[in-house]
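Only one structure is covered here, and it is reproduced in the block below.
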Amino acid sequence: MMNPVTEAELAEAVAGAAGPLRIMGGGTRPIGKPVAGELLSVAGLTGIELYEPGALTIVVKAGTSVAEVEAALAAEGQRLPFEPMDHRLLLGSTGEPTMGGVVAANVSGPRRIQVGACRDSLMGVRFVDGRGTVLKNGGRVMKNVTGYDLVKLMAGSYGTLGVLSELSFKVLPVPEAVAVILIEGLSDEEAVRALSAALGSPFDVTGAAHAPVGVDGAPVTMIRIEGFADSVAYRAEALKTLLAGFGEIAVEADPEKTAAGWRWVRDVEAFAGQPGDVWRISVKPSDGPRVGAALKAQGLLYDWGGGQIWARVGEGRDIRPALEGVGGHATLIRASEDTRAALPVFQPEPAPLAAISAGLRAQFDPRGILNPGLMG
């Protein structure tokens, strides 16, 4: 195992690698096809390099834990905008999630519907390519550049294009208040209609989810609004009026209860410790209920207004045949190593896109040593 603690050591390790490398941060997200290779951990590259609360900017080394970053931000009344999921409960993994791992997997939570994905808060990256060369792109301000947008390219590349060493993010203030609109008993179709109505309103929804089986066993539809207290109170009443035709509506404003409820959604806690494989499916929200019904899953959870579906199904099952004719993509998030080796973990790419992906990998990793086959 190689465990560099500086960017220079990381570059030296990659340049001197004799064969494939299995790149790991905190080890909390064993997603993708199993990789055979020498373990290269970036967990030793830790620390907050720069934090400017007034500029809403933070720069961290890739191995820095998410918890350390969130604690530093919370002390200044700020947070990561994209609400990154913690996969440990769902995957039964241990370790500490790192900022590099979050970026490598483009991990984004329920707030994605308002602020975008992880990649949309990422302003700059430094990384080591497959030759052992240190590259950088972006910086501490959001700007457009010519050539490759490496910031966006690295987010979600799962370490197949380069090994991240430093990351720059924009951050946002923590809102003064939060309220969650709760509607019980809706069918999946009714719930997505309610979520769509809320998201199409001018009331700035920051979370829109539906659980066919909620914590108490009944279907529950959840709509979150955040901001200044007076504004949240006004928008909660306005949403109650807008959604009155969907049934009895409750409003939860207790900060601890609302935070716990959205962690339950964000981390897919309902599937933790439950048998079966777990897939994440991205579709048009209007297609969500139809897809959910076609899957005949053991468990379902709808996020992003119905556009992201978490499905728990029998072990070893490829769900993609059930999704034929529906635009979108499905990713296998939790399964045994044997299943991940046998099934395409990521949505197979159309031939033209696959050619582009292969070209990019050849450009950034000509020796093919960085997490080879992980996304194949």
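At a glance:
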read-out	value
Hits in segment 98-116 - residues which are out of contact with any strand residue (DSSP E or B) (no Cβ under 7 Å at 6 or more places or on another chain), in a loop (DSSP other than H, G, I, E, B) and crowded, with 18+ Cβ neighbours inside 10 Å	ALA105, ASN106, VAL107, SER108, GLY109
Failed criterion for ASP277 (all others in (1) under 26 Å from the mean Cα position of the chain (by Cα); (2) surrounded by 16 or more Cβ atoms within 10 Å (Cβ to Cβ); (3) in the same structural domain as ALA197 (by TED's automatic domain parsing) hold)	(3)
Search result, residues across segment 231-259 that are farther than 16 Å from ARG193 by Cβ, under 29 Å from the mean Cα position of the chain (by Cα) and not in a strand (DSSP E or B)	SER231, VAL232, ARG235, ALA236, ALA253, ASP254, PRO255, GLU256, LYS257, THR258, ALA259
Residue check, PRO344 over 22 Å from the mean Cα position of the chain (by Cα) and either of a type outside the set (S, T, N, Q) or assigned to a loop (DSSP other than H, G, I, E, B) (or both)	no
Count - residues of segment 283-298 that are surrounded by fewer than 18 Cβ atoms within 10 Å (Cβ to Cβ), at negative phi and of a type outside the set (A, V, I, L, M, F, W, C)	4
Filtered residues of segment 82-112 (kept if in contact (Cβ under 8 Å) with a residue 40 or more places away in the chain and among the small types (Gly, Ala, Ser))	GLY92, SER93, GLY95, GLY100, GLY101, ALA104, ALA105, GLY109
Members of segment 127-185 that are acidic (Asp, Glu) and at pLDDT 95 or above	ASP129, GLU166, GLU176, GLU184
Residues of segment 192-229 classified as acidic (Asp, Glu) and not in a loop (DSSP other than H, G, I, E, B), total	1
Residue in segment 133-147 that is at negative phi and buried (at least 22 other Cβ atoms within 10 Å of the Cβ) present	no
Helices (runs of 4 or more DSSP H) completely within segment 1-94 that count 2 or more residues being touching a helix residue (DSSP H, G or I) at 6+ places or on another chain (Cβ under 8 Å) and surrounded by fewer than 20 Cβ atoms within 10 Å (Cβ to Cβ)	none
Options ARG79, ARG29; residue that is touching a residue at least 60 places away in the same chain (Cβ under 8 Å) and under 28 Å from GLY376 (Cβ atoms)	ARG29
Where a residue in segment 356-376 is of a type in the set (Lys, Arg) and part of a helix (DSSP H, G or I) and its partner, wherever it lies, is surrounded by 15 or more Cβ atoms within 10 Å (Cβ to Cβ) and modelled with pLDDT of 95 or more, with Cβ under 7 Å and at least six apart	ARG361/THR160; ARG361/LEU161
Positions within segment 223-241 being surrounded by fewer than 20 Cβ atoms within 10 Å (Cβ to Cβ) and either hydroxyl-bearing (Ser, Thr, Tyr) or under 21 Å from GLY306 (Cα atoms) (or both), in sequence order	SER231, TYR234, LYS240, THR241
Test: residue in segment 192-211 that is at negative phi and of a type in the set (D, E, K, R)	yes
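The values are calculated or read from the model by the stated rules, or taken from the named source; none is laboratory data. Remember, predicted model here, so these are calculated numbers, not experimental data. Methodologically, a virtual Cβ is constructed for each residue, glycine included, from the backbone with ideal geometry; neighbour enumeration extends over all protein chains shown.
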